[in-house]
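Here the structure comes first, spelled out in structure tokens, and everything after it is commentary.
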Amino acid sequence: MTQPAFVRRFRFFGILTVISVYLLILVGGIVRSTGSGMGCPDWPKCFGTWVPPTQANELPAGYKEIYTAQRVAKNQKLAKTLERLGFKQVASQIFAHPTQFIETDFNATKTWIEYVNRLLGALIGVFIFLTVILALPYWRRDRAVFWLAFASFLLTGFQGWLGSLVVSTNLLPELVTVHMALALLIVAMLIYAVDRSQQGQVAPVLGQRAVSRKLIPLLWITTFLTFGQIVLGTQVREQVDVVATAANYLNRANWVEQLGNIFKVHRSFSLLLLVLNVYVGYQLYQTRNAHLQRLATVTMGLLGLEIIAGVTLAYLALPATVQPVHLTVATILFGAQFLTIIRYARQAKTQPQAVYASVVA
């Protein structure tokens, strides 16, 4: 079946945007693993310019005090707003954070790593805007596709603003966690929009085994648990940063044993996810549906890579090169699981008619 041009264009840019978001997550992981999160102390500019400096002598005298004062002033306004909204505890944590008044020394490499991260974020904003434009033909065809694209665009703008707060609060753990969770939400919405835009373009395959809707709740549970594991992983990452700072980034082999209970919970929780994913994968293979079997294979492959990365981090002194890979693979795994839910639910809805049509024929 030949697809209309607007369907192909939306699918192309939608997939391109999803890939770009994953690339941004990878770069964000590199920013964290290299300690470049505060490479630019202000936002959206970097050291007050659109093109970051490459040498310390390009910075104004007393730049640490200048940017610390700017961040504190911005955080005071944020804290007052949070207090008015009833979030007094969160407001107090902004200034209780031990790094609130600490400005990092200028490092050209870290500055440019962070700046590339911001440029990629801006590029994704452009991609999502184009995705919204290309979703306009769906206003009459399937309005949900347009609203999903538009909501993703709005959330991306909010994500950019939230990123500015992450910088101003000197990587406040709670904001970093919300920042990561929101990125996963944007990925899920874009995946759903792209997949939904293809409905009616592929003819159903007849004669396949009917699938049971009873598996759908377990698919949701497994995906939500993966989401929770990723969020928990950001908490572990925060502890790694605290331990690394206290150790002056020395004696890396001793960091893991200092991480505390949250790391043990994160590690043990992965066993539950492994069991659930293996069971779900088995059930998907039993459907004899090529699309669902392919998704099960991808999911198990990603899970295998994630386990290898996790074991490497735990037993080989948290190598910095593996940290962003561990995070990125986890987010791709979440995306694959979410797509599986969409495809399985659709198959459960349409399969009875397809099987009946096959029997009648």
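Here is the figure for segment 1-15: residues that are free of Cβ contacts under 8 Å to residues at least 60 places away in the same chain and among the aromatic types (Phe, Trp, Tyr) total 1.
Provide a single number: the residues in segment 243-266 that are surrounded by fewer than 17 Cβ atoms within 10 Å (Cβ to Cβ) and at pLDDT below 90.
Residues of segment 243-266 surrounded by fewer than 17 Cβ atoms within 10 Å (Cβ to Cβ): 245-254, 257-258, 260-262, 264-265.
From what's left, at pLDDT below 90: 245-254, 257-258, 260-262, 264.
Residues that pass the stated criteria total 16.
In a residue-by-residue description of segment 200-219, the property of being open to solvent by less than 30 Å² (accessible area, probe 1.4 Å), modelled with pLDDT under 80 and of a type outside the set (Val, Ile, Thr) applies to at least one position.
Here's the yes/no breakdown for (1) touching a residue at least 12 places away in the same chain (Cβ under 8 Å); (2) within 14 Å of Gln337 (Cβ to Cβ):
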residue	(1), (2)
Ala247	no, no
Arg294	no, yes
Leu302	yes, yes
Ile307	yes, no
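Quick check on segment 320-341. Is at least one of its residues hydrophobic (A, V, I, L, M, F, W, C), modelled with pLDDT under 90 and assigned to a helix (DSSP H, G or I)?
Checked against the condition, which is being hydrophobic (A, V, I, L, M, F, W, C), modelled with pLDDT under 90 and assigned to a helix (DSSP H, G or I), segment 320-341 yields no hits at all.
Could you tell me whether segment 5-24 includes any residue that is over 17 Å from Gln159 (Cα atoms), at pLDDT below 85 and open to solvent by 40 Å² or more (accessible area, probe 1.4 Å)? No, every residue in segment 5-24 fails to be over 17 Å from Gln159 (Cα atoms), at pLDDT below 85 and open to solvent by 40 Å² or more (accessible area, probe 1.4 Å). Filtering segment 37-67 to residues that are open to solvent by less than 30 Å² (accessible area, probe 1.4 Å), modelled with pLDDT of 80 or more and of a type outside the set (D, E, K, R) leaves Gly39, Cys40, Pro41, Cys46, Phe47, Pro52, Pro53, Leu59, Tyr67. Scanning segment 14-54 for residues that are out of contact with any helix residue (DSSP H, G or I) (no Cβ under 7 Å at 6 or more places or on another chain) and not in a loop (DSSP other than H, G, I, E, B), which turns out nearest to Trp112 (Cα to Cα)? By that ranking, first place goes to Thr49. Each residue in segment 309-338 was checked for being free of Cβ contacts under 8 Å to residues at least 60 places away in the same chain, in contact with a helix residue (DSSP H, G or I) (Cβ under 7 Å, 6 or more places away or on another chain) and of a type in the set (Val, Ile, Thr), and 2 of them qualify. With respect to the conditions (1) surrounded by 15 or more Cβ atoms within 10 Å (Cβ to Cβ); (2) not in a helix (DSSP H, G or I), Thr299 falls short on a single one, namely (2).
Where helices (runs of 4 or more DSSP H) fall wholly inside segment 99-171, the ranges with 2 or more residues that are surrounded by fewer than 17 Cβ atoms within 10 Å (Cβ to Cβ) and of a type in the set (Lys, Arg) are 138-141.
Which is of a type outside the set (S, T, N, Q), more than 30 Å from Val194 (Cβ to Cβ) and modelled with pLDDT of 90 or more, of Trp147, Trp112? It is Trp112. Looking at segment 273-286, is at least one residue crowded, with 20+ Cβ neighbours inside 10 Å, of a type in the set (Phe, Trp, Tyr) and assigned to a helix (DSSP H, G or I)? No - not one qualifying residue is present in segment 273-286.
The values are calculated or read from the model by the stated rules, or taken from the named source; none is laboratory data. On a predicted model such as this, the values are computed, not experimentally measured, just so you know. Here Cβ is always computed from backbone atoms with ideal geometry, including for glycine, and neighbour counts include all displayed protein chains. Only protein heavy atoms, including side chains, enter the accessible area calculation; ligands, DNA and RNA are left aside. Shrake-Rupley method; radii C 1.70, N 1.55, O 1.52, S 1.80 Å.
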